């Protein structure tokens, strides 16, 4: 808990005025709240003593009204300041988490489910807000009310106050035992909530697969099992934190019975002396601290849940970003020409090399194709060029500079990458194409650019056939478009940035050979003066490349022009023959 409060204090320090004002007004509220029973007790003694006059009555009424107004005003302002500040802090934490998400390496998302991450951004973040807002507010208020109440109770009668405090050890022991159990069970509840969220997210994203296989019933049954376990864990948690309030009521009921017995003897003059008004004030004060003490269980519950949730959020924030700028980064690099070189580059996964001492050079403005069997390391080369990961051994250079010394933003800004599985946002087609364009461009000029690159990607004719044209909204992940249209949209999105390096990572696999030929012909103009890397299985994609690199089991086994590799009669030549035979059979 101490570490949690220490971590969150850096967010609280951003809002010193709301917390200072709110906590100060809680002192005012506690003072007025505990003053009312004293005024009532004195009024009772005045009535019984026969000294009460109408002037006194109005005086007591005015005092109680003033106490009520002062306490209510202090509480209203406190709630507005402290709770508003907690919402601001929640926003700050969410922003920091989202910023950290954007900086994490892509490999992190390969090992973590989106549903689990979303659960932490919602349920866990809300629990943290309750800790820094409601728990701080109620905890401070309860402590101050208890302090003022005990001071006034001891002023009335020390012995009776000590007797009242006899319940404190029982409450402390109860809290200590139950909170340890609550912590463990609440953590299990949040873990199961992540499972439920993950399955829901995966089913929403893959609903077409679920329906295509006709296994809706099986998925519903699986979701039901997860929810049943979620309910079971919540019920298990409720069995622990549920008895807190009834147990507090029981302890208070027992205490007030003893209080009436002992206090009654004091009022009757047996063993001491208390006026009826003073005893009434004491009882009212004791009644006033019942809720604060009972609230301790709720506050402790909020603190424990918030601490557990913050620990789950810290697990994300503590994940280091491997690919990032550091003190060796050359800040003077502002642009790139696109000369790429690999020197003895190796990458290991699960203890085995997936790239093994690969070396080659692509000169600025040159077009190079990369091919090989599935799993040979083609996409890894793309990731290394864009610095989505760093090599375990060897070096990757761009313009003679190690990519680890080039600012990440500069490197990726000058690269136009079309991935094998393009992702489109739920915006219009035009907004998806212009996604990488800096904000502030002239709308008319931007519209012309969008249409121009769509024409190069052989997408313009398809889009013009839609009722809304380029304003056509896309569904989730671009499901409005066919697979080929999505890939062509991604190609247009890469071209509009006017990059120095164009990379197509099997980006033409979802289009037919004729469309592929049209796209490649349209890209010849876009490739002028740009370094182009075409990763593909179909050798037809290499018709406009200067050279072809062939990978086999993570090693570069062949390199040369299309004609030279065919003449070499190796792996590449064999693939050419196979694909030519397939094309001939399709023609027949």
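Any read-out appearing in this document is the output of simple, stated calculations on the displayed coordinates, not a laboratory observation. Only a predicted model underlies this, so the values are computations on that prediction, with no experimental measurement involved. So basically every Cβ, Gly included, is an ideal-geometry build from the backbone, and we count neighbours across all protein chains shown.
Normalised by the number of residues in the chain, the average gap of Cα pairs under 8 Å and 6 or more apart makes the relative contact order 14 percent.
The distance between label points at residue 77 and residue 290 comes to 3.1 nm (points 7 Å beyond Cα on the Cα→Cβ vector).
Write down the percent of antiparallel bridges among all DSSP beta bridges whose residues are both part of the chain, to the nearest 5.
Numbers: 20 of 38 bridges.
Counting only bridges with both partners in the chain, antiparallel ones make up about 55 percent.
Regarding segment 374-511, what whole-number volume in Å³ per residue does the convex hull of its Cα atoms give?
On the way: hull volume 16.7 nm³, N = 138.
About 121 Å³ per residue, rounded to a whole number.
For segment 65-166, the normalised intensity computed at q = 0.19, 0.24 Å⁻¹ comes to -0.99, -1.19 (log10 of I(q)/I(0), Debye sum over alpha carbons, equal scatterers, no solvent). Helix 276-317: angle to the longest alpha-carbon principal axis of the chain, degrees 0 to 90, nearest 10? Between the helix axis and the principal axis of the chain, the angle is about 10 degrees. Scaling the Cα radius of gyration of segment 19-120 by the globular reference 2.2 N^0.38 Å produces a ratio of 2.03.
Roughly what angle does helix 443-456 make with the longest principal axis of the chain, taking Cα atoms, 0 to 90 degrees, to the nearest 10? With rounding to tens, the tilt is 50 degrees.
Shape class for segment 331-388: prolate, because the ratio a/c of the largest to smallest gyration tensor axis (alpha-carbon atoms, square roots of eigenvalues) is 1.5 or more and a/b beats b/c.
Remind me, relative contact order of segment 2-317 in percent, using alpha carbon pairs under 8 angstrom and six or more residues apart?
Numbers: 278 pairs, mean separation 101.4, N = 316.
Normalised by residue count, the contact order of segment 2-317 is 32 percent.
Given axes a ≥ b ≥ c from the Cα gyration tensor, I'd like to know whether segment 448-575 is rounded (a/c under 1.5), prolate (a/b larger than b/c) or oblate.
Since a/c reaches 1.5 and a/b is larger than b/c, the shape of segment 448-575 is classed as prolate.
The chain: percent of C-alpha pairs farther apart than 43 Å? Counting every Cα pair in the chain, those more than 43 Å apart make up 46 percent.
Compared with the alpha-carbon gap, the fully stretched path from residue 334 to residue 54 is longer by 92.2 nm at 0.36 nm per residue. Helix 136-156 axis versus longest C-alpha principal axis of the chain: approximately 10°, rounded to the nearest ten. At the listed q of 0.15 Å⁻¹, the Debye profile of segment 2-317, built from one uniform point per Cα, gives log10 I(q)/I(0) equal to -1.22. Helical runs assigned H by DSSP (4 residues or longer) give the chain a calculated mean residue ellipticity at 222 nm of -21000 deg cm²/dmol, each run adding -39500 (n - 2.57) before division by the residue total.
Based on Cα contacts under 8 Å between residues 6+ apart, segment 422-498 shows a relative contact order of 54 percent.
Mind running the shape call on segment 422-498? Use the C-alpha gyration tensor, a ≥ b ≥ c as the square roots of the eigenvalues: rounded below 1.5 for a/c, prolate if a/b tops b/c, oblate otherwise. Kindly include the intermediate steps, with their values, before the conclusion.
On the way: a/c = 1.43, a/b = 1.36, b/c = 1.05.
Rounded, since a/c falls under 1.5.
A Stokes-Einstein calculation at 10 °C with viscosity 1.306 mPa s, built on the Kirkwood radius of segment 304-448 over Cα pairs, returns a diffusion coefficient of 87 µm²/s.
For the pair segment 341-407 / segment 21-49, the C-alpha centres are spaced 76 Å from each other. Put simply, the Cα atoms of segment 20-71 extend 46, 15, 9 Å along their principal axes, the longest span coming first.
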